[in-house]
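Q: Handing you this structure, nothing more for now.
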Amino acid sequence: MRLLAICGLIIMQWCGTALAQDTRPLVPADDAIVSQFDAVFTDPRVQDALERILQREARTIEEQLAITEIPAPPFMEQRRAEDYLQRMRAYGLDDAYIDSIGNVVALRSGTGDGPTLLITAHLDTVFPETVDTTVVLRDGRYYAPGIGDDTRGLAVLLSVIEVLNQSGIETVGDIIFGANVGEEGRGDLRGVKALFRDLDDVDGFISVDGVRLNRITAGGTGSRRFEFIFRGPGGHSFGAFGLPSAIHAMGRAIAHIAELQTPRFPKTTFTVGTVAGGTSVNSIAADAVFAIDMRSNSADSLALFEQSAKEAALRAVEEENARWDSDAISVEFALIGDRPVGSTSVDSPVVQVASLAYAELGVEISGVGISSTDSNVPMSLGIPAITISGGGDGGGAHSPDEWFEPVDSHLGPQAVLLNILTLAGIAGVSEPTLLERD
């Protein structure tokens, strides 16, 4: 019944259309890149593969729904990873494996004379394992936590893998497909960090994340996340009155940090997201902790704000100790998240090819944007990287009411296919546009 419902929705949304070709590229492309893209797009096998993606979209969505119902909080992605490993192998990537940190990795070898492109979607969602992830169809939309972010990306990669292997196309460059752990929250990009630690000679990277084909993400907003941990002697609220309080020191620190100014450009932000501490209402707190998130599009601005926040906390400790003529309160800074700042130039082939692919498919995008995604890591290493979406419509990401609707959703995997084939090159048809790094 579910598959029939999917097919009905897709038929209504597609209205019999396939590819539109009247949209101009948002990013001007070099003539050489346009030439290679055209060679890829007009190849009969590529046209057949694009049609296959269109025809199998109902199955792509069926896989998306099935994977959604496997809970995958950060650090608890194993069940979903094992399921995804079997799906990869079933579609022809026999050597797929789960690495030491939990990423699912598979290599599709090229001729050996080209670059290496890594393309991933992330396994984890923001939701704890106790959240019900059952998919519910309501008024043409599928509702479930994590259905778009990033289960859509996982399903898109499976569609591309199967169709590419059915096509018989041999690429010049190698393509590494990955389903990585730890993109969300305290996962701290640990999955993609491990990939770039363990894989040799990756020349370019694409992350497929979320829904709505509305932009190319070519900049990485960096973040630094800390726990500020305050400690003191503690004691009875009446009998030990006069001792300094860890919670009072924490309160002073939060107040000082709240008054700090940040630049509007480059955009720099902060928030104290959680607080905890103390023993009881009638105890002087011996411990307190808050978690702070600091973000910026500039590494220098991020470092300056981090320094200011730490200085504010140290000043708060001094004030609390001075208030009670003590030196018993201390503060410790524990790093819990580090997403590096990065960017990819619009002159890079990965950006230009993505723009060409969207234009050829008739997809209008709003621009080249900046966000915090798995692409932050390769960008910070000087490796050209972008994040693009998996297609379809959706909303409510990171909320229990997250939803997905298959509006022209086939365009997502079609765009991914055109990107990887143009970047990696097709043997006997086109040269890779992705440059090999020295």
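Q: Within the stretch 378-438, which strands (runs of 3 or more DSSP E) (wholly inside it) include 2 or more residues that are aliphatic (A, V, I, L, M) and crowded, with 24+ Cβ neighbours inside 10 Å?
A: Correct list: 385-388.
Q: Name the one entry in Ala354, Ala385 that is of a type in the set (A, V, I, L, M, F, W, C), in the same structural domain as Ile33 (by TED's automatic domain parsing) and out of contact with any Phe, Trp or Tyr (no Cβ under 9 Å at 6 or more places or on another chain).
A: Ala354
Q: If you take the residues of the stretch 212-235 that are buried (at least 21 other Cβ atoms within 10 Å of the Cβ) and over 16 Å from the mean Cα position of the chain (by Cα), which of them is farthest from Pro378 (Cα to Cα)?
A: Among those residues, the one meeting the criterion is Gly232.
Q: Also: Out of all the residues in the stretch 247-260, which are loosely packed, with under 12 Cβ neighbours inside 10 Å and closer than 22 Å to Gly337 by Cα?
A: Ala258 - this is the single residue of the stretch 247-260 that is loosely packed, with under 12 Cβ neighbours inside 10 Å and closer than 22 Å to Gly337 by Cα.
Q: Also, I was wondering about something else. Which numbered condition trips up Ser326, out of (1) under 22 Å from Thr116 (Cβ atoms); (2) not in a helix (DSSP H, G or I)?
A: (1)
Q: Moving on. Across the stretch 112-130, what is the total count of residues that are part of a loop (DSSP other than H, G, I, E, B) and either surrounded by 15 or more Cβ atoms within 10 Å (Cβ to Cβ) or of a type in the set (Gly, Ala, Ser) (or both)?
A: Qualifying residue count for the region: 8.
Q: For residues that are touching a helix residue (DSSP H, G or I) at 6+ places or on another chain (Cβ under 8 Å) and surrounded by fewer than 24 Cβ atoms within 10 Å (Cβ to Cβ), scanning just the stretch 365-377, find the one that is nearest to Ser223 (Cα to Cα).
A: Selected residue: Val368.
Q: Right, Val192: of a type in the set (A, V, I, L, M), part of a helix (DSSP H, G or I), assigned by TED's automatic domain parsing to the domain that holds Glu364 and buried (at least 16 other Cβ atoms within 10 Å of the Cβ) or not?
A: The answer is yes for Val192.
Q: Output the number of residues of the stretch 41-51 satisfying the condition of being crowded, with 18+ Cβ neighbours inside 10 Å and part of a helix (DSSP H, G or I).
A: Counting residues in the stretch 41-51 that are crowded, with 18+ Cβ neighbours inside 10 Å and part of a helix (DSSP H, G or I) gives 4.
Q: Could you tell me whether the stretch 143-152 includes any residue that is surrounded by fewer than 24 Cβ atoms within 10 Å (Cβ to Cβ) and of a type outside the set (Gly, Ala, Ser)?
A: Yes, some residue in the stretch 143-152 is surrounded by fewer than 24 Cβ atoms within 10 Å (Cβ to Cβ) and of a type outside the set (Gly, Ala, Ser).
Q: Any residue at all in the stretch 165-172 that's of a type outside the set (Ser, Thr, Tyr) and buried (at least 24 other Cβ atoms within 10 Å of the Cβ)?
A: No, that holds for no residue.
Q: Follow-up. Limited to the stretch 256-310, what total is found for residues that are under 26 Å from Asp327 (Cβ atoms), small (Gly, Ala, Ser) and in contact with a helix residue (DSSP H, G or I) (Cβ under 7 Å, 6 or more places away or on another chain)?
A: Going through the stretch 256-310 one residue at a time, the tally reaches 6.
The values are calculated or read from the model by the stated rules, or taken from the named source; none is laboratory data. Bear in mind the structure is a predicted one, so any value in this text is a computation, not a measurement. Cβ sites come from the backbone with ideal geometry, for glycine too, and all protein chains shown count toward neighbours.
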